[in-house]
């Protein structure tokens, strides 16, 4: 990556970092209030980002870094979130729980996709956010 490309990305990546930090704070407050996280910080960040993007279109100098973050960083974060599921632990909890979780995930993905689409997200980004 060239220095010029790096300088182009900094404002948008910085905005994404601010959204990430605020989302982490929200998740920690949630964990403090309820004793455990109900909504992961990554999911809070995605939702927060969707609300910001719906209400405000950033100028091009910021949007370049936001697009970079939405593509490369978000895909990696979503992958890592999915990889953090402990399958053996899930199977030991019993088949009813496993089936319930699968159904809930499928319904959540479908609902998230339609919510993302209705908020104006491009098709590929709505699928990524839903997954």
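FYI, it's all coordinate maths here, none of it is from the lab. All of these numbers come straight from a predicted model, not from anything done at the bench. Glycine gets a Cβ as well: all are built from the backbone with ideal geometry, and neighbour counts include every protein chain shown.
Structural remarks
- Nearest-ten-degree value, helix 41-55 long axis tilted from longest Cα axis of the chain: 50 degrees
- Nearest 10 degrees, 0 to 90: helix 74-83 Cα axis against the chain principal axis: 20 degrees
- Volume in Å³ per residue [convex hull over Cα atoms, computed for region 85-131]: 58 Å³
- For 112, 118, the sequence from fewest to most other C-beta atoms within 10 Å is 118, 112.
- Simple spin-label estimate for residue 124 and residue 97 in nanometres, 7 Å along Cα-Cβ: 3.8 nm
- Once C-alpha pairs closer than 8 Å and six or more residues apart are averaged by separation and normalised to the residue number of the chain, the relative contact order reads 25 percent.
- Separation between Cα centres of region 77-131 and region 17-48, rounded to whole Å: 17 Å
- Taking label positions 7 Å along the Cα-Cβ direction at both residue 32 and residue 60, the computed distance is 4.3 nm, reported to one decimal.
- Net length available on complete extension from residue 51 to residue 21 is 9.2 nm, with 0.36 nm assigned per residue and the Cα-Cα distance removed.
- Relative to the longest principal axis of the Cα atoms of the chain, the long axis of helix 3-34 lies at roughly 30 degrees.
- Of 19, 105, 78, the one that fluctuates the most in a GNM where the chain has Cα springs shorter than 10 Å: 105
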